[in-house]
1. Roughly to the nearest percent, how much of the accessible area of the chain is carbon and sulfur, given a 1.4 Å probe?
2. Report the FRET efficiency, 1/(1 + (r/R0)^6), for Asp79 and Asn130, where r is their Cβ-Cβ distance and R0 is 22 Å, rounded to 0.05.
3. What shape does the range 103-148 have by the C-alpha gyration tensor, where a ≥ b ≥ c are the square roots of the eigenvalues, rounded means a/c under 1.5, and otherwise prolate means a/b greater than b/c and oblate the rest?
4. Using a Förster distance of 41 angstrom, determine the FRET efficiency expected from the C-beta separation of Leu99 and Leu216, and round it to 0.05.
5. Once the Cβ-Cβ distance between Met1 and Ser194 is put in as r, and R0 is 30 Å, what FRET efficiency do you end up with, to the nearest 0.05?
6. Would you mind checking the range 223-238 for residues with the amide N under 12 Å from a putative spin-label position 7 Å along Cα→C-beta of Arg146?
7. Identify all aspartates and glutamates with a Cα-Cα distance to Lys145 below 14 Å; exclude those on the same chain that are fewer than 8 residues away in sequence.
8. From the residues Ile83, Val69, Gly16, which one has its Cα farthest along the dipole of the range 1-97 in the positive direction, the dipole being from +1 and -1 charges on Cβ of Lys/Arg and Asp/Glu about the Cα centre?
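The values are calculated or read from the model by the stated rules, or taken from the named source; none is laboratory data. A quick note: this is a predicted structure, and the numbers were derived from the prediction, not measured. Please note: Cβ atoms are built from the backbone with ideal geometry, for glycine as well, and neighbour counts cover all protein chains shown. Areas reflect the complete protein model, heavy atoms only, side chains present, ligands, DNA and RNA absent. Shrake-Rupley method; radii C 1.70, N 1.55, O 1.52, S 1.80 Å.
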Amino acid sequence: MKLAEQVAIVTGAGRGNGRAVALAFAREGAVVALASRTASELDAVKAEAKGLGGRALPVQTDVTQEGSVAALVDRVLADFGRIDILVTAAGAAAFGPVLDSKIEEWERMVAVNLRGVFLACRAVLAPMINRRRGTIINIASLAVKRPIPGCAAYAASKHGVLGFTQALAEEMRPHGVRVGALCPGAVDTRLWDSVPNPPDRSRMLRPEDVAQAALLMASLPPHAALEELTILPSAGIL
């Protein structure tokens, strides 16, 4: 199996892309720490991972809170002794014209999408550096590549993720820690349930597609690094 005996943390693991990544990693032999705010969702994903023959540890976590993220990493290190992979899949989104946007939506997206990535990455760096190995995959968005009307605030938070990821990759290069950004286009998740007149969801990516891309980035041999990967529906931007 591609990730046999590796230890991975996946934030946002209760649903959507995070859930798909966690299950794909568990299927490939990784022990997966599932991080999300909703305990019931984590328990469900743990059961799914067990059904696939995998091992999962649910840890209720708020990625916007430094203490909560630190407790997550401490628990994983206490139980397994190391962290090989981090995937930051927790995310928040709200769409609409800037003129109609709400400051609460802006602050929520920055807190989850950017602050959450920063806190999770920073928390795993020391144990990865000590072992001179590790892979960090931050899920950004196609919105950092192409301007999409109605996505200004969301794009700003994800541009921050991309810039942070690129700088961190250079910082970690001498330490043997790989850092990359995964930039998916529209993915058919529950996010779209609350969006009026969404694009045709049947033409979107599936969370499992994003998971396969993350698996590719995580399973490359140690001498190779995939620092930026864009995946979009074959139909293009929807």
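1. Values: 5820 of 11010 Å².
So the carbon and sulfur contribution to the accessible surface is 53 percent.
2. Values: r = 17 Å, r/R0 = 0.78.
E(calc), rounded to 0.05, equals 0.80.
3. Values: a/c = 5.79, a/b = 1.80, b/c = 3.22.
In terms of gyration-tensor shape, oblate.
4. Details: r = 40 Å, r/R0 = 0.97.
E(calc), rounded to 0.05, equals 0.55.
5. Numbers: r = 37 Å, r/R0 = 1.23.
That pair, Met1 with Ser194, gives E of 0.20.
6. 231-238
7. Those aspartates and glutamates meeting the cut-off are Glu228.
8. It is Gly16.
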